[in-house]
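The values are calculated or read from the model by the stated rules, or taken from the named source; none is laboratory data. This one's a predicted model, so the numbers in the text were calculated from it and none came from an experiment. Cβ placement follows ideal geometry from the backbone for every residue including glycine, while neighbour counts extend to all protein chains displayed. With ligands, DNA and RNA removed, areas are computed over all heavy atoms of the protein, side chains included. Shrake-Rupley method; radii C 1.70, N 1.55, O 1.52, S 1.80 Å.
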Amino acid sequence: MSLFRGSLYRRLLVLFCVGNLLVLFVGGLLTRGFIDYTTAKEIDWVALAQGADVAYESGGANALADWSMQQRHEGIDATLYEKGQPLSPIRLHPAMERSLSSWLDADKDVVLQPWPGLYVAVQQITGDDGHPRQLVALSRTHARIAPQTRQLILWGVQLTLLLLLIGLLSWWVARSVARPVEALRDATRRMAAGELSTRVGRRRGKKYDELAQLAYDFDAMAERIEALVAHDRGVLQDLSHELRSPLARLHLILNLAQRSKNPVEAEPYFLQAEQEIDRLDQMTGEMLALSRLEGGIPGMNRESLELDELIRECVTQAELEAGVRKVSLRITSNTPVFITGSPLLLERAVGNLIANAIKFSPVGGAVELRVQEVQGSAELSIRDHGPGVPEAELTYLFRPFYRGSNAVRADGHGVGLAIVQRVVQVHGGEIYAENAAGGGLQVTLRLPITALATS
């Protein structure tokens with residue numbers, strides 16, 4: 001059955017070959033039977049002579065005459081000769097009568113065909129009484145159908161079988177191709193009409209040919225398009241919701257600036273407007289980054305990275321911000337741990353976690369970073385000593401635009417942790433947050449380790 005699980009071309013080829021073999025086999029059987037039926041049967045002259053002798057010895061000339069009459073109904077004129085004379089009447093052609101004496105004197109079996117469709121036989125036999133006799137028989141048996149007609153019939157049988165095979169194969173091909181194509185056509189029309197949940201799916205059993213693969217590819221494409229459209233709609237809704245407050249503030253600031261009596265009085269309002277524009281720009285940039293991550297990252301460059309080295313580069317970049325708040329950054333690493341991924345994306349994710357920990361750390365506090373290998377995975381934990389997060393809010397922490405009850409302590413838009421989670425998921429890892437013992441929030445992420453870590 002594995003031959004029929006390949007491509008459509010292979011299945012058609014195999015079925016065509018099997019069909020031809022069936023035509024040859026069935027055609028051979030029919031031809032053999034047809035030839036046996038339409039051609040003359042071979043006569044057993046010895047058995048015929050023995051039957052004639054038994055009839056003669058049992059009932060004499062009358063019994064032999066009856067036997068001859070019976071054979072004449074079978075298409076054979078036959079009788080026995082003894083000493084050159086017939087023991088019962090027989091009709092012979094004059095030419096055969098002139099040659100008969102020489103055939104009888106030859107004292108041997110003779111089978112001749114003087115004309116097409118006519119056989120003459122002389123069969124020697126010795127009766128039970130010890131007298132030698134000869135069976136003389138004429139067989140007028142012939143083919144029931146002429147050879148030319150028989151040949152035409154044979155060609156007709158072969159052609160009929162071949163046409164029947166072609167018809168069956170054509171019906172199967174049309175049915176196998178038309179049904180999935182019609183399903184694809186219907187699904188395409190429904191999807192074009194806006195029904196993005198349309199799927200072709202498997203139709204009646206498992207298929208492995210090109211049409212089935214096309215259906216699977218269509219379903220994958222439809223699923224991807226539906227996810228992208230749903231994601232874009234969600235991003236648009238979130239972005240429109242989050243832009244309302246900054247735009248309202250900006251509108252109010254500009255109104256106040258217009259009402260100012262002189263440029264000096266309006267200058268503070270313009271500075272506030274500039275700050276709001278910067279916030280809008282930052283929020284839009286973060287939203288675009290999150291949208292690209294959630295929409296997939298085609299062609300993302302991956303390379304082998306030492307996680308400890310990546311962490312130290314991120315810490316170096318964050319030292320300026322940490323210095324302003326007098327927050328110390330501490331790194332603990334026991335052994336080099338290697339991972340495979342995108343340096344830019346991972347650097348941004350770790351940078352967001354460090355920046356978030358610095359924002360919620362008290363002045364003069366510390367942010368602790370630990371890199372280690374745990375159960376075959378690279379683990380990075382980042383802990384601050386800030387107020388932490390209420391337990392009920394931990395599950396919503398990585399949701400886009402979510403800002404917990406402690407968010408008033410720092411600026412932000414609630415997008416940074418969502419970006420971190422998406423980067424970790426793209427790299428096949430996981431991330432979770434928990435309140436640390438003694439206060440503060442600890443965020444832990446795990447990434448698959450590469451072979452270099454164990455070499």
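General observations
- Close pairs (8 angstrom Cβ cut-off, 6 or more residues apart or separate chains): within 18 Å of Phe338 (Cα to Cα) and at pLDDT 75 or above in the stretch 296-309, part of a loop (DSSP other than H, G, I, E, B) and aromatic (Phe, Trp, Tyr) anywhere: none
- The number of residues in the stretch 321-334 being outside any helix (DSSP H, G or I) and either among the aromatic types (Phe, Trp, Tyr) or surrounded by 13 or more Cβ atoms within 10 Å (Cβ to Cβ) (or both) comes to 6.
- Looking only at residues in the stretch 424-438 that are in contact with a Pro (Cβ under 9 Å, 6 or more places away or on another chain) and at pLDDT 85 or above, the one that is surrounded by the fewest Cβ atoms within 10 Å (Cβ to Cβ) is Gly428.
- Tallying residues that are touching a strand residue (DSSP E or B) at 6+ places or on another chain (Cβ under 8 Å), of a type outside the set (Gly, Ala, Ser) and in a helix (DSSP H, G or I) within the stretch 73-120 yields 4.
- Scope the stretch 44-77; condition among the acidic types (Asp, Glu) and either open to solvent by 50 Å² or more (accessible area, probe 1.4 Å) or within 60 Å of the chain's Cα centre (by Cα) (or both); matching residues: Asp44, Glu57, Asp66, Glu74
- Matching residues in the stretch 371-387 - criterion: being over 16 Å from Val424 (Cα atoms) and of a type outside the set (Val, Ile, Thr): Gln372, Glu373, Gln375, Gly376, Arg383, Asp384, His385, Gly386, Pro387
- Qualifying residue in the stretch 335-358 (condition: under 21 Å from Pro448 (Cβ atoms), open to solvent by 50 Å² or more (accessible area, probe 1.4 Å) and part of a loop (DSSP other than H, G, I, E, B)): yes
- Scope the stretch 359-378; condition over 13 Å from Ala322 (Cβ atoms) and open to solvent by less than 20 Å² (accessible area, probe 1.4 Å); matching residues: Val371, Ala378
- Qualifying residue in the stretch 248-263 (condition: modelled with pLDDT under 80 and open to solvent by less than 80 Å² (accessible area, probe 1.4 Å)): yes
- The listed residue being modelled with pLDDT under 80, of a type outside the set (Lys, Arg) and surrounded by 12 or more Cβ atoms within 10 Å (Cβ to Cβ), out of Leu100, Leu112, Leu162, Leu80: Leu162
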